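So the structure is just underneath, and the comments pick up after that.
The values are calculated or read from the model by the stated rules, or taken from the named source; none is laboratory data. In this text, all values refer to a predicted model and were calculated from it rather than measured experimentally. Backbone-built Cβ (ideal geometry, glycine too); neighbour counts: all protein chains shown. To get the accessible areas, we keep the full protein, side chains included, count just its heavy atoms, and leave off ligands, DNA and RNA. Shrake-Rupley method; radii C 1.70, N 1.55, O 1.52, S 1.80 Å.
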Amino acid sequence: MQGQQTSIPALLRSRKPGFTLPADLYCRSDVFDADMDVFFHRHWIFVGLECDVPEPGDIYSVDFGPTSIVLVRGDDEQVRAFYNVCRHRGARIAPPGRDVVGKLVCPYHQWVYDLSGDLVHARDMGDDFDHACHGLRRVNLRNIGGLLFACLSDDAPSDIADLETTMLPRLAPYDLAHAKVAFEADIIEEGNWKLVIENNRECYHCAANHPELCTSFIALDFGYDPAGLEGAERAQADAHEALYTTRMTEWEAQGFPSRAVEHVAGHVTNFRTQRLMMAGPGESQTPDGRAACSRLLGHMTRKDLGDVHLWTHNSWHHFMGDHALSVIVIPLSPDRTLVRTKWLVHQDAVEGVDYDVENLTAVWKATNVQDAELVGLAQQGVSNYGYQPGPYSRFTEQQLDTFMTWYVDRMQANGY
Ligand code: 3BY
Ligand code: FES
Ligand code: FE
């Protein structure tokens with residue numbers, strides 16, 4: 001039996017605060033198209049890293065559904081973003097991923113663009129052909145401390161400035177412009193992109209599912225309210241909170257911004273950052289909690305500055321003394337999402353000498369596989385006829401509620 005479909009505005013209105021979304025908002029293809037329109041075309045999205053294109057002539061193309069953009073390092077060292085589409089008959093120019101080029105040449109009829117996007121050669125177009133009007137279309141791009149954010153809309157939200165103001169001082173010591181991608185791994189999760197984000201914004205699931213991550217990750221610091229605990233667990237949590245407060249105060253006094261800054265409902269650009277303590281030796285997210293890379297990032301001279309965490313609506317990042325982890329979330333279809341993880345080290349760090357790739361990547365390789373499994377289960381659940389929206393824990397899943405409130409607000413603000 002197939003009744004009339006509920007409209008997207010009605011679905012959004014029916015979402016109860018404190019609860020997961022109605023199933024259709026995770027499953028339907030028209031909702032997926034609306035999500036792409038609102039969150040991937042009209043908001044700032046994380047697209048990559050300055051060190052994805054370290055040298056002039058390096059290009060890197062990233063696809064968001066049918067829209068491919070290409071990041072290009074010009075001869076002037078500037079990184080620019082263009083739509084990866086030829087101004088002749090629209091052919092795609094660069095294949096997905098990285099390449100090194102002198103110029104960008106369209107494979108179809110060989111129109112040639114320089115690294116600034118200007119059309120420099122178009123065969124047989126006549127003397128009166130205006131090259132100047134046929135350069136590659138620029139995409140709005142902001143380089144925030146080595147993190148590249150793009151906005152496909154001409155009307156780009158201006159509050160990206162808040163992300164910039166907050167993150168520049170936090171990222172400065174890590175000097176990500178002079179990091180390199182030591183390893184990169186893709187995993188396709190069988191779930192809606194919002195389930196991927198939900199999964200990443202809570203650590204309620206960590207103890208039972210992430211033995212490797214839990215060696216260094218402290219779930220308690222991750223939006224966990226000790227008021228939800230009892231007895232010995234509560235006492236332990238209170239003691240930890242006191243320690244964390246002391247550590248945070250020390251870091252701040254030493255000039256390392258650490259406190260949580262959260263831009264959720266009421267803001268256009270969604271982000272949250274906080275410097276977290278790590279468990280055990282507290283140096284890094286590695287199997288033993290110690291630095292994986294002996295050459296520290298950027299200007300870092302200490303390994304005890306915790307983990308600067310940043311979440312946006314399509315990425316999450318950890319910046320530690322020895323390495324950084326940067327994860328981009330790329331929706332593929334209503335129930336499939338590409339999660340691409342990059343591990344960064346100092347550009348001069350030498351593999352096999354300063355770091356061992358297996359040791360560097362072990363924790364998050366394992367964690368990603370575990371999370372993919374959980375997201376797959378969640379998608380199966382929301383697709384089940386018997387699914388009903390369920391309650392978030394107010395002690396451990398507050399950030400999911402604020403994300404979904406933001407999601408509904410932004411959909412409605414964009415006419416849905
Ligand atoms: O396991 C996850 O999905 C990540 C790890 C840290 C935060 N979040 C819970
Ligand atoms: Fe690119 Fe013709 S479509 S040169
Ligand atoms: Fe997880």
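Descriptive notes on the structure:
- Between V357, V345, V363, the distinction of being touching a helix residue (DSSP H, G or I) at 6+ places or on another chain (Cβ under 8 Å), modelled with pLDDT of 95 or more and away from ligand 3 (no atom under 16 Å from the Cβ) belongs to V345 only.
- Restricting attention to the stretch 74-83, the residues being open to solvent by 10 Å² or more (accessible area, probe 1.4 Å), within 17 Å of V100 (Cβ to Cβ) and within 21 Å of the chain's Cα centre (by Cα) number 2.
- Selection of first residues in the stretch 164-189 that are acidic (D, E) and of second residues that are part of a helix (DSSP H, G or I), restricted to Cβ pairs under 7 Å at least 6 apart or on distinct chains, gives the following pairs, ordered by first then second residue: E189/V196; E189/A372; E189/V375; E189/G376.
- Reported count of residues in the stretch 384-409, each being closer than 18 Å to S7 by Cα, open to solvent by 40 Å² or more (accessible area, probe 1.4 Å) and assigned to a helix (DSSP H, G or I), is 1.
- Top-ranked residue in the stretch 297-322 [being of a type in the set (A, V, I, L, M) and in contact with a helix residue (DSSP H, G or I) (Cβ under 7 Å, 6 or more places away or on another chain); ranked as farthest from G145 (Cα to Cα)]: L305
- Candidates G255, G231, G191, G223 - the one that is on the phi > 0 side of the Ramachandran plot and touching a helix residue (DSSP H, G or I) at 6+ places or on another chain (Cβ under 8 Å): G223
- Going through (1) within 16 Å of ligand 1 (Cβ to nearest atom); (2) at pLDDT 95 or above one by one, D175 falls short only on (1).
- Selection status of W251, under 17 Å from the mean Cα position of the chain (by Cα) and over 26 Å from V357 (Cα atoms): no
- Scanning the stretch 88-123 for residues being of a type outside the set (G, A, S), open to solvent by 50 Å² or more (accessible area, probe 1.4 Å) and away from ligand 2 (no atom under 11 Å from the Cβ) gives a total of 8.
- Condition met for P17 (surrounded by fewer than 19 Cβ atoms within 10 Å (Cβ to Cβ) and out of contact with any helix residue (DSSP H, G or I) (no Cβ under 8 Å at 6 or more places or on another chain)): no
- Only strands (runs of 3 or more DSSP E) whose full extent lies in the stretch 295-378 are considered here, and the ones with at least 2 residues that are within 23 Å of R247 (Cβ to Cβ) are 307-312, 315-319, 324-333.
- Of all residues making up the stretch 373-383, the number that are open to solvent by less than 20 Å² (accessible area, probe 1.4 Å) and either more than 16 Å from P22 (Cα to Cα) or of a type outside the set (A, V, I, L, M) (or both): 3
- In the stretch 200-221, the residues that are under 17 Å from L325 (Cα atoms) and open to solvent by 30 Å² or more (accessible area, probe 1.4 Å) reach residues that are within 11 Å of ligand 3 (Cβ to nearest atom) and not in a loop (DSSP other than H, G, I, E, B) with C-beta atoms within less than 8 angstrom, at least six apart or across chains, in these pairs: E212/A366; E212/T367; C214/C206; C214/A207.
- Filter pass, S333 being crowded, with 21+ Cβ neighbours inside 10 Å and modelled with pLDDT of 95 or more: no
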